[in-house]
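Just so it is clear, none of the values below were taken in a lab; they were calculated from the coordinates. Quantities reported herein were computed from a predicted structural model and do not represent experimental measurements. Backbone-built Cβ (ideal geometry, glycine too); neighbour counts: all protein chains shown.
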């Protein structure tokens, strides 16, 4: 498009209608590219790096043949984004609309930028107000979540205390049962061994008597009865050992189950406490912004 010159507006209107001014022999024609509804701005593809600056003025030719004044609010090498436009001006422009240099008076130039800055400030204020409102809602939601977590943590404190008491009781019960049953097991094993030794001794005596003549049936019957009594005692002692060991395993299993419950509750309380701390940090960060 070449370097912009300052021409009277009436002369510019006449020149802008000429093909040579619109395109030029060497400069590609600039056109509206994208429309950003959030920013109420349009991009203009210049097609070349031709020295356009932030003080350059342009006019976009709308479909109704009216002109929309633009200036580079964000300038890049071969394109720029315009200043925020009014809703009416923004709606008049479409991608592909031709954009030409415009020569404005100092008053017009300043007025366009004043309007653009005012719209940008208004947009920034709306965005900031929206951000603050979103932050306020997020803070309220975080505080509600924190309150629920604090209730859960307090409830877990009570459950942990109860679980600790139960665990201590189970540990004491385990120690008592373990020591008591271990003594019973030792007594039963000792009795079992003594009965087994006595039974073996009686069996040897009975075997020795069975070869005698005349056959000592009375003594053999007595020995057999004693052997049966000892076998019953041995079986009883074995049952006592097995039952004592079962009681020890049961007491230990009960203790381990209570310990697992306590550990689970402690972990849940720790997790709730950590979440509360994390929420406190998020709330402070949002309040400080």
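Note on residue 169 and residue 136: the model spin-label points, each 7 Å out from Cα along the C-beta direction, lie 5.3 nm apart.
Using Cα-Cα distances under 8 Å and only pairs 6 or more residues apart, what relative contact order does the chain have, in percent?
Dividing the mean separation by the residue count of the chain yields 17 percent.
A Gaussian network model of the chain, with springs between Cα atoms under 10 Å, assigns the largest mean-square fluctuation among 34, 230, 209 to 209. Restricting the calculation to alpha carbons of the chain gives Rg and Dmax of 49.4, 158 angstrom. The modelled label-to-label distance between residue 226 and residue 212, using points 7 Å beyond Cα along the C-beta direction, is 1.3 nm. On C-alpha positions alone, give me the angle between the axis of helix 106-209 and the longest principal axis of the chain, in degrees, nearest 10. Once rounded, the angle reads 10 degrees. The angle separating the long axis of helix 217-288 from the principal Cα axis of greatest extent in the chain is about 20 degrees. In terms of surrounding Cβ atoms within a 10 Å radius of their Cβ, 38, 170 rank from fewest to most as 38, 170. Helices in the chain, meaning DSSP H runs of at least 4 residues, each add -39500 (n - 2.57). Divided by all residues, the mean residue ellipticity at 222 nm is -25000 deg cm²/dmol. Spin-label model, residue 286 to residue 144: label points 7 Å out along the Cα-to-beta-carbon direction sit 1.1 nm apart. Given R0 = 41 Å, the distance between the Cβ atoms of residue 155 and residue 245 translates into a calculated FRET efficiency of 0.55.
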